Amino acid sequence: MLARFASRRFFASYEMITSEKLDNVGLITLNRPKALNSLCAQLIDELTTCLSEYDSDPSVKAMVLTGSKKAFAAGADIKEMSVKDNVTTYKENFITSWDKIAQTRKPLIAAVNGYALGGGCEVAMMCDIILAGDKAQFGQPEIKLGTIPGAGGTQRLVRAIGKSRAMELVLTGDFISAEEACQKGLVSRIVPEDKLVDEAIEVAKKIASFSSPVVMMAKECVNEAFESSLRSGLLFERRLFHSTFGFKDRKEGMEAFLNRRNPEFKDE
Ligand code: CAA
């Protein structure tokens, strides 16, 4: 697996994630198997640091985030949360640092095998595309712990699958299969478990073959659809569309098409 990549570089400084560069794709693997990749402060700190490094590394053009076969992530760390009260959560602005995942500028693909529960489902939804392994399970079971989703679950799930379906998941804490998640529109498609990470890397490599700044603009525009009215979203899109005409890559892409050749993008 992953052998076909010409350049492969590992980074060893993390304890709870692994990260490696496969040509121009950054692959991050959550690696806290004893706690099913539950998202403790250290893991989130390592993840957001690594994403920020990839975001500012011009040789990386897209990222893939995955976990293990058993769990993408089983939620926020319940042991860590169990001793907190509302004074500490407010004072430390608990889990607000997770927002950095959604603020990543380059495309981020979640490759979800196994459980994506609570904060795990929320982190997957912070990514730009979710590909699911055929045995993946999704859910927002916080209600069973006497709490509610706190990292965007009630908001992003509604936008992804609609109010009634999101309400049922949030209020019952039930899990849904990869197949249901695909039918409901939470994930873009299902891939056999063993092929999932390779497939996510292929998608990332395809995206990475395009002009990086233009890809980032396209991502910004799609995300704007979640955060604004149709009117202001359309205006935002139009302005960024106009601004792509300032890029040499846009000129190159159109000229290449007209001259029946492959484009050579230079990220300019
Ligand atoms: N936090 C901390 N530890 C966790 C964990 C979590 N979210 N999920 C699993 N673990 C730990 C278990 O405590 C267990 O540790 P020990 O072996 O030391 O006892 C280990 O991982 C394996 O878990 P299980 O024995 O429970 O494994 P299982 O196969 O029987 O069940 C599971 C798997 C259904 C995912 C079950 O572990 C589970 O329900 N986990 C909790 C899921 C959950 O409620 N997530 C939401 C958390 S709240 C949240 O995320 C808030 C938010 O919005 C940010």
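The values are calculated or read from the model by the stated rules, or taken from the named source; none is laboratory data. Predicted model only: the values in this text are computed from it and were never measured. Cβ placement follows ideal geometry from the backbone for every residue including glycine, while neighbour counts extend to all protein chains displayed. Surface areas here come from the heavy atoms of the whole protein model, side chains and all, with no ligands, DNA or RNA. Shrake-Rupley method; radii C 1.70, N 1.55, O 1.52, S 1.80 Å.
A few comments on the model shown:
- Taking a ≥ b ≥ c as the square roots of the eigenvalues of the Cα gyration tensor, the stretch 115-262 is oblate, since a/c reaches 1.5 or more and a/b is not larger than b/c.
- Accessible-area composition of the chain, carbon plus sulfur, in percent [1.4 Å probe]: 55
- Length added when fully stretched, I78-E252, from 0.36 nm per residue minus Cα-Cα: 57.5 nm
- Accessible area expressed per residue, the chain, with surrounding protein chains retained (probe 1.4 Å, Å²): 54
- Relative contact order, whole percent, for the stretch 176-268 stands at 23, derived from Cα pairs under 8 Å and 6 or more residues apart.
- DSSP-defined antiparallel bridges as percent of all bridges, the chain, nearest 5: 35
- Rounded if a/c under 1.5, otherwise prolate or oblate - the stretch 67-143, Cα gyration tensor axes: oblate
- Lysine pair number, Cα distance threshold 21 Å (strictly under), the stretch 120-202, separation 8 or more or different chains: 4
- In order through the stretch 139-151: 3J(HN,Hα) via Karplus (6.51 cos²θ - 1.76 cosθ + 1.60), integer Hz, x for Gly, Pro: x, 10, x, 4, 4, 6, 9, x, 9, 10, x, x, 10
- Anisotropy class of the chain from Cα gyration tensor, a/c 1.5 cut: prolate
- Each peptide in 163-169, 130-136 was scored by the mean count of other Cβ atoms within 10 Å over its residues; highest first, the order is 130-136, 163-169.
- Relative contact order for the chain: 15 percent, from Cα pairs under 8 Å spaced at least 6 residues apart, divided by residue count.
- Amide H partners (placed H, <5 Å) of M16, local residues excluded: none
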